[in-house]
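Below is one structure, written out as structure tokens, with a few remarks after it.
The values are calculated or read from the model by the stated rules, or taken from the named source; none is laboratory data. Please read all numbers here as calculations on a predicted model, not as lab measurements. Cβ: placed from backbone, ideal geometry, glycine included. Neighbour counts: every protein chain shown. Accessible surface areas use protein heavy atoms only, side chains included; no ligands, DNA or RNA. Shrake-Rupley method; radii C 1.70, N 1.55, O 1.52, S 1.80 Å.
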Amino acid sequence: MTAVPEDVEWKLLADLVRDRMGLQFDGGRRELLASKLRPRLRDLHLRSFTEYYHYLRFHPSSASEFRNLATHVTNNETYFFREAHQFDLLVRNVIPPLMPSLRARPLRLLSAGCSSGEEAYSLVIALQNSGLELGGLRWTIDGCDVSADRIARARAGVYDEIALRACDAGARARYFTPRDGRFQLKDRHRKGVTFQEANLADSAGAVREGYHAIFCRNLLIYFSPDAFDQLIARFARWLEPGGYLFLGHSESLIDRGSAFLPVCLGQHVVYRKLA
Ligand SMILES: C[S@@+](CC[C@H](N)C(=O)[O-])C[C@H]1O[C@@H](n2cnc3c(N)ncnc32)[C@H](O)[C@@H]1O
């Protein structure tokens, strides 16, 4: 088997991954992609990356292999209450002015690139701790991710200790039930959440609309510039006028033409769809 992909076969495969999933593997990330795919080539008894490229393009199982590929090549790192100040901003700054209109319909949130669900469930807990339910707040939270494996884990709601690294003892006891060395999220903290396998780089993917806020954190850093811009434009269509986009700390829309304005909430920058 080819240990290191040749330039041509490398480019074929990397371009295919970029075009289908938006993910860019160039420079130092080239070896990363190769190392993630080697076990898969072995499982399929393929001798080279070119053979794998042909498999992905032309094999009758191509569609299901793309689902496998998504599981292998994505970075799914996440944990409960990651960058938790953004949940505070949602609760303190974003929701209160919306409350009059939220009497008629629920708050709608999207966790885009939700991995195994920690972000979506952290949002539920933040909303429950806000006290806004007493004022009549209801919500729906959609989590979506290209990895079928991560969506299955999100639905199961059972986590290893590493996912609770930002939880102190009190939070662990309040939100989780210990089970065989792992942690089951309590049912009440799953309220209003649904998960769906979805490729955010696919322009023919599910149409979504009416979100008050979208959390898409630590995904766009892996996207090619084109896929990045296309996804931001899609988010603008999916958000209500004046809706908010929360990105990860190393992601930014500054210097990119887009339908969003950077706004400062407290000391933090978030993005607001122009009304
Ligand atoms: C590093 S995790 C971030 C999880 C969470 N948003 C957070 O910040 O903790 C990035 C997630 O984006 C997902 N992802 C990557 N490309 C995607 C695509 N084209 N469509 C949907 N999800 C994608 C990966 O599967 C992965 O679970």
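Please verify whether Phe49 is more than 16 Å from the ligand (Cβ to nearest atom) and either of a type in the set (Lys, Arg) or loosely packed, with under 13 Cβ neighbours inside 10 Å (or both), treating the condition exactly as stated. No, not satisfied.
So for the range 251-273 (the condition being under 15 Å from the mean Cα position of the chain (by Cα), in contact (Cβ under 8 Å) with a residue 24 or more places away in the chain and in a loop (DSSP other than H, G, I, E, B)), does at least one residue qualify? Yes, the conditions are met somewhere in the range 251-273.
Matching residues to (1) touching a residue at least 40 places away in the same chain (Cβ under 8 Å); (2) among the acidic types (Asp, Glu); (3) in contact with a strand residue (DSSP E or B) (Cβ under 8 Å, 6 or more places away or on another chain); (4) open to solvent by less than 30 Å² (accessible area, probe 1.4 Å):
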site	(1), (2), (3), (4)
Asp15	no, yes, no, no
Asp26	no, yes, no, no
Glu31	no, yes, no, no
His45	no, no, no, no
Val73	yes, no, yes, yes
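Of the residues making up the range 89-119, those that are assigned to a helix (DSSP H, G or I) and either within 16 Å of the ligand (Cβ to nearest atom) or not assigned by TED's automatic domain parsing to the domain that holds Ala206 (or both) are Leu89, Leu90, Glu118, Glu119. Residues that are within 15 Å of the ligand (Cβ to nearest atom) and in a strand (DSSP E or B) were ranked within the range 172-210; the one that is farthest from the chain's Cα centre (by Cα) is Val193.
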